[in-house]
Amino acid sequence: MDARATFVQIRALAFLSALAAGGFGLPYVAAEDAAAITEHDAVAFGFKLHYREAGQGPVVILLHGLGGDGSRWTATMAELARDFRVIALDQIGFGASDKPLVNYDHGLLAEFLVEFMKSIGVSKASILGHSMGGFVGMCAAVHHPDAVDRLILLDGGGLTNAPRSPHLVQIQNGTTLAETREYFQLMFYDKSRVTEPMVRENYVRRLQVSYTISRMQEARAKNLAVITEEQARGIRAPTLIIWGQQDELLDPSIAAELGRVIPNSRVELIDKCGHIPQAEQPERFNQLVREFLTAE
């Protein structure tokens, strides 16, 4: 085994320890499944994009939410890699990818997504986007329809940007542990999942991408890169919309609106679940995703 592979396995096992300590409230991942995930870098528009990859077969690209990175998808990757080539991207401005000082919005992230696909030789892929990643997936499906095979919107995407209170904007890009704790409690139906290790880990992670979060918030407030109802009606990719029924960040009514507008779509609400179904209800989430991706 070469040094690079050994390093990746060590990082994967370290990530498992973080999950056990509280990380992101995600399901346990067997060490052998985590060790099968390899890490790589690609170049898009001259900037480095970091990504994780596992499995073989049709390509599924996983897009994280605001302040996250590809490591959030470790459990999902382990599940889907049995039948698919699964790629979890650190989107531009997040994780281990470059963080240029640019005007961030969903449209920019979608452009980098499609350029990333070209750089790794993938012409078309199914896109699973969580929260912010859902908005990015919608942008890609609208502006680059030939690049999107199937689309899964996971507590993410929408046609309007409802105004947010100054307090919510502040804790979303919090400067204290208390603000980070309050924000993560909004994400979960089961508040006991929000542990001190989780809060501390995510406090540091979000500080590292505070500039990107701030610019994304500014773009949202200005209604930049918003998908109109007319554009959404033109989405060609079969679409699955999954939403936590008790999501306190993005109201489940958004899922119903998207299901009404996007052709060839269906909505699945998951009960006793907040903003992160892949963490709170992983079995139901994985079942829905797998059934959708393997349907004829």
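The values are calculated or read from the model by the stated rules, or taken from the named source; none is laboratory data. Here the structure is a predicted model, which means the values were calculated and not measured. Here the Cβ is made from the backbone with ideal geometry for all residues, glycine too, and neighbour counts use every protein chain on show.
Is one or more of the residues making up region 264-276 crowded, with 19+ Cβ neighbours inside 10 Å, assigned to a helix (DSSP H, G or I) and modelled with pLDDT of 95 or more?
no
Can you name every residue in region 52-67 that is in contact (Cβ under 8 Å) with a residue 40 or more places away in the chain and either surrounded by fewer than 23 Cβ atoms within 10 Å (Cβ to Cβ) or in a loop (DSSP other than H, G, I, E, B) (or both)?
The answer is PRO58, VAL59, HIS64, GLY65, LEU66, GLY67.
Those residues that are small (Gly, Ala, Ser) and either touching an Asp or Glu at 6+ places or on another chain (Cβ under 9 Å) or more than 26 Å from GLU229 (Cα to Cα) (or both), I need them from region 152-201; list them, please.
Result: GLY158, ALA162, GLY174, ALA178, SER192.
Pick from VAL226, VAL148: which is modelled with pLDDT under 95, crowded, with 19+ Cβ neighbours inside 10 Å, of a type in the set (Val, Ile, Thr) and within 26 Å of ASP98 (Cα to Cα)?
Only one candidate qualifies: VAL226.
Name the pairs whose Cβ atoms lie under 8 Å apart, with the first residue in region 198-212 and closer than 15 Å to GLY65 by Cα, the second aromatic (Phe, Trp, Tyr), and 6 or more positions between them or separate chains?
Matching pairs, first to second residue: ASN202/PHE24; ASN202/PHE184; VAL209/PHE94; THR212/PHE94; THR212/TYR104.
Take ALA88 and decide whether it is of a type in the set (A, V, I, L, M), modelled with pLDDT of 95 or more and surrounded by fewer than 24 Cβ atoms within 10 Å (Cβ to Cβ).
Considered against the rule, which asks whether it is of a type in the set (A, V, I, L, M), modelled with pLDDT of 95 or more and surrounded by fewer than 24 Cβ atoms within 10 Å (Cβ to Cβ), ALA88 comes out as no.
For region 68-79, how many residues meet the condition of being buried (at least 24 other Cβ atoms within 10 Å of the Cβ) and of a type in the set (A, V, I, L, M, F, W, C)?
So the count comes out to 2.
Determine, yes or no, whether VAL226 is β-branched (Val, Ile, Thr) and part of a helix (DSSP H, G or I).
So VAL226 fails the test.
Condition test on ARG284, is it among the basic types (Lys, Arg) and either part of a loop (DSSP other than H, G, I, E, B) or under 18 Å from the mean Cα position of the chain (by Cα) (or both)?
yes
Considering each of LEU108, LEU159 in turn, give the residue that is over 15 Å from the mean Cα position of the chain (by Cα) and modelled with pLDDT under 95.
LEU159
Given the residues MET187, MET198, which is the only one that is of a type outside the set (Ser, Thr, Tyr), closer than 17 Å to HIS130 by Cα and under 18 Å from the mean Cα position of the chain (by Cα)?
When all the criteria are applied, what remains is MET187.
List pairs: first in region 152-169 and crowded, with 17+ Cβ neighbours inside 10 Å, second in a strand (DSSP E or B) and of a type in the set (Gly, Ala, Ser), Cβ under 8 Å, 6+ apart or cross-chain?
Going by the 8 Å Cβ cut-off, the qualifying pairs are ILE152/SER126; ILE152/GLY129; LEU153/GLY129; LEU154/GLY129; ASP155/GLY244; GLY156/GLY129; GLY157/GLY129.
Name, by its number, the condition in (1) touching a Leu at 6+ places or on another chain (Cβ under 6 Å); (2) at pLDDT 95 or above that does not hold for ALA75.
(2)
Considering each of LEU101, LEU108, LEU49 in turn, give the residue that is part of a strand (DSSP E or B) and in contact (Cβ under 8 Å) with a residue 60 or more places away in the chain.
Matching residue, one of LEU101, LEU108, LEU49: LEU49.
Testing ARG164 on (1) in a helix (DSSP H, G or I); (2) within 21 Å of TYR211 (Cβ to Cβ); (3) more than 20 Å from the chain's Cα centre (by Cα), one condition comes back false. Which one is that?
Against the list (1) in a helix (DSSP H, G or I); (2) within 21 Å of TYR211 (Cβ to Cβ); (3) more than 20 Å from the chain's Cα centre (by Cα), ARG164 comes up short only on (1).
I'd like the full set of residues that are buried (at least 18 other Cβ atoms within 10 Å of the Cβ) and either part of a loop (DSSP other than H, G, I, E, B) or not aliphatic (A, V, I, L, M) (or both), limited to region 136-145.
If the condition is that a residue be buried (at least 18 other Cβ atoms within 10 Å of the Cβ) and either part of a loop (DSSP other than H, G, I, E, B) or not aliphatic (A, V, I, L, M) (or both), then GLY137, CYS139 are the ones that fit.
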